[in-house]
Amino acid sequence: MPHAAGTVLCPVHGLPVEAAPSMPPPPSMPLPPAAPPGFELPEIEIPLAAPAPPPSLIPPTEAPLVGALLEGRYRITGVIARGGMGIVYEGVQLFLDRPVAVKCLHPRYTRDAVAIARFQHEAQVCGGFGHPNIVEVFDMGLGEDGSPFLVMERLEGETVTQRLRQDKRLALDLAVSIARQTVSALAATHARGILHRDLKPDNLFLADIAGDAPQVKVLDFGVSKVFQGDRGPKLTRAGFVMGTPAYMAPEQARGDADLDPRVDLYAVGVILYEMLTGRIAYAARTPGTLLTEMQRGLPPRPSEGRPEVPPSLDALVMRCMSLSREDRPRDAVALQRELGSVASVIAAYAGADDEPTEVLERAPRPPLDTHDDPPHVPTPGE
């Protein structure tokens, strides 16, 4: 791509600009005849640099599989996203004429046992649930260079991160709906002994559904952890803490080995806090700085900057973000039940008319403990 003189980084791809190789001078040619008297050349505007192509036109060297046919079944047609570990392409499953997303590992990781184990683990997790809030994996294969790829359902929509960039903060009912759907996916994975460990707005996709609210799809189970027993591949390197610091529970940031489902519930609380307030609870870049920020105290409640947040939602978010996991909801099922109660309160507020009537919020009824005796039902003779 041509660039203006003095350009250091490409404005489209962020890559260093290198000087073009010197070219030999063109052969000499005879000068054209002189213009007749009174002739004037039209004024033209000469651009300083060629216009940059749109970001979707990624050079082949950065997206080498565009146009390729994988295993004779999947035609790669474009690029959806790029990350540090690989590229997600858009493609078509030829025999079914079905649009798909193809996630490919970078060739430099083809000999990295941990990276490949994560890739295979993600395929097993996402391909074995069939849950409406977990992205579905259809197939897994190997490219010509030996790098693995996953074939997933093609989603149309945007991530929660992209929505927040546009709206800054979300409507109360939408934020709670996203949290409820996310927790529904967690309830299914936790029931099989799997922690996500990297929940964040980037990994929550809002799929477009005609006429309905967005459907949440939880992405990227590559660093998920089996917490029941010592089974499954080793997906971390010694001395490394997996996850994104700003959304890590303190026990995860410390590198504790005995993690349980409440690390994911903490992340849900942080995401919900961000959706309600438009700001990150802890802007930490490393686990160490996160722990330092946590020692300074909890962030202000969502209602302090947004008074319309009902007290039950306010309290639930702060409970999920508690630094002590004992103070968080006990599991995803319990959190899902509480979010359902909050959703009812928000609907009551939204359904109230404009008259200055007071809408009282009742505390949710305590869940029935399945280990207790069932309530007595009187018989007709009693």
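The values are calculated or read from the model by the stated rules, or taken from the named source; none is laboratory data. Since we're looking at a predicted model, the values are computed, not measured. Note that we place each Cβ from the backbone using ideal geometry, even for glycine, and neighbour counts take in every protein chain shown.
Assorted remarks:
For (1) surrounded by 14 or more Cβ atoms within 10 Å (Cβ to Cβ); (2) out of contact with any Leu (no Cβ under 6 Å at 6 or more places or on another chain); (3) in the same structural domain as residue 343 (by TED's automatic domain parsing), each residue gets a yes or a no:
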| residue | (1), (2), (3) |
| --- | --- |
| 284 | yes, no, yes |
| 288 | no, yes, yes |
| 293 | yes, yes, yes |
| 297 | no, yes, yes |
| 302 | yes, no, yes |
| 315 | yes, yes, yes |
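- Flag for residue 197 being at pLDDT below 90 and crowded, with 19+ Cβ neighbours inside 10 Å: yes
- Evaluated against (1) outside the structural domain of residue 79 (by TED's automatic domain parsing); (2) within 18 Å of residue 88 (Cα to Cα); (3) crowded, with 19+ Cβ neighbours inside 10 Å, residue 163 falls short on exactly one condition, (2).
- Hey, residue 90 acidic (Asp, Glu), in contact (Cβ under 8 Å) with a residue 60 or more places away in the chain, part of a helix (DSSP H, G or I) and surrounded by 14 or more Cβ atoms within 10 Å (Cβ to Cβ) or not: no
- Selected residue (only one of 266, 273 is in contact (Cβ under 8 Å) with a residue 60 or more places away in the chain and aromatic (Phe, Trp, Tyr)): 266
- Being modelled with pLDDT under 90, within 18 Å of the chain's Cα centre (by Cα) and either among the hydroxyl-bearing types (Ser, Thr, Tyr) or not in a loop (DSSP other than H, G, I, E, B) (or both) is a description that does not apply to residue 174.
- Of all positions in the stretch 119-135, none carries a residue that is touching a helix residue (DSSP H, G or I) at 6+ places or on another chain (Cβ under 7 Å), at pLDDT below 90 and assigned to a strand (DSSP E or B).
- When the stretch 138-169 is filtered for residues that are under 16 Å from the mean Cα position of the chain (by Cα) and either under 24 Å from residue 276 (Cβ atoms) or assigned to a strand (DSSP E or B) (or both), the ones remaining, listed by number, are 152, 153, 157, 158, 159, 160, 161, 162, 163, 164, 165, 166.
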